[in-house]
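Everything on this sheet refers to the single structure shown next.
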Amino acid sequence: MLTDCVPTRSGGAFCFGISPRCKHLCHVAGQFRPCTTTAVFASNDKIWFVSPRFSVLALASSLLLVAVGVLLFLPACGQFFPPADQIVALQISPLNSVIMPNGTQQYTATATFGNNTTGDATSKVTWSSSVNNIATINSAGLATGGSTLGTTTITAKSGGVIANTGLTISNQTVISVTVSPNTLFLTAGSSQQLSAMATLSNNGTQDVTGSATWSSSNTGVATVSGGLVTGVITGSATITATYGGQTGSAAVTVQ
């Protein structure tokens with residue numbers, strides 16, 4: 001029986017089914033690659049077809065599958081995952097930038113490809129701004145603010161894969177972001193709220209807890225949503241808040 005969330009290999013290039021909470025992967029040419037459809041369980045002498053619509057029955061390695069009386073044939077694993085150079089996920093940087101009127105902000109796009117590698121895709125995506133009188137963006141990812149104050153959504157798109165972030169045009173820019181408290185001790189299952197405060201170019205401050213982008217360096221140890229940190233298992237993680245192109249962080253220890 002396969003261990004939950006641990007893909008195993010059985011000779012050829014077969015897809016390997018994992019728990020629904022984990023990704024489906026294929027093992028091809030020494031790499032695990034994400035499947036794009038229902039996966040296959042592989043053991044030493046059997047292949048298993050997994051689908052929420054069918055019950056699973058024992059199969060021979062011929063890939064001839066019988067499930068609830070329906071005869072099914074599976075294609076080779078190559079049918080199940082995207083091409084190696086296809087973009088399957090995108091991330092934009094920086095997040096939630098704030099610039100002055102008529103100022104500029106260079107964006108980059110980092111892609112995850114079909115072979116599970118990552119790389120720069122800034123010139124491979126289509127860039128757009130949701131409100132062009134606030135800011136425009138060219139094909140190289142360079143955004144230019146207008147004279148109108150406000151926030152627009154910057155989007156990077158490749159096929160059906162989309163990533164976006166906010167760009168704010170303001171008379172005040174963000175100098176720094178501070179997360180409080182900056183040290184946190186939790187037990188597994190407990191939660192605590194962090195706050196994020198931005199220091200502006202006029203020396204004023206602004207609470208950006210609700211508008212910052214929060215992330216955890218290790219979601220297996222601690223997760224974060226809107227600044228609310230929840231311990232998962234014993235370990236340590238860094239919680240980061242990003243706003244206006246600046247970041248602040250807090251160290252979290254789960255005991």
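Of all the residues in the stretch 137-192, those that are surrounded by fewer than 16 Cβ atoms within 10 Å (Cβ to Cβ), aliphatic (A, V, I, L, M) and under 25 Å from the mean Cα position of the chain (by Cα) number 4. Taking the stretch 240-255, which residues are surrounded by fewer than 22 Cβ atoms within 10 Å (Cβ to Cβ) and of a type in the set (A, V, I, L, M)? The one that is surrounded by fewer than 22 Cβ atoms within 10 Å (Cβ to Cβ) and of a type in the set (A, V, I, L, M): A251. Looking at G141, is it at pLDDT 95 or above and at positive phi? Considered against the rule, which asks whether it is at pLDDT 95 or above and at positive phi, G141 comes out as yes.
Only one of the listed residues (N218, N202) is outside the structural domain of N164 (by TED's automatic domain parsing) and loosely packed, with under 15 Cβ neighbours inside 10 Å. That residue is N202.
The values are calculated or read from the model by the stated rules, or taken from the named source; none is laboratory data. On a predicted model such as this, the values are computed, not experimentally measured, just so you know. Cβ atoms come from the backbone with ideal geometry, glycine included; neighbour counts cover every protein chain shown.
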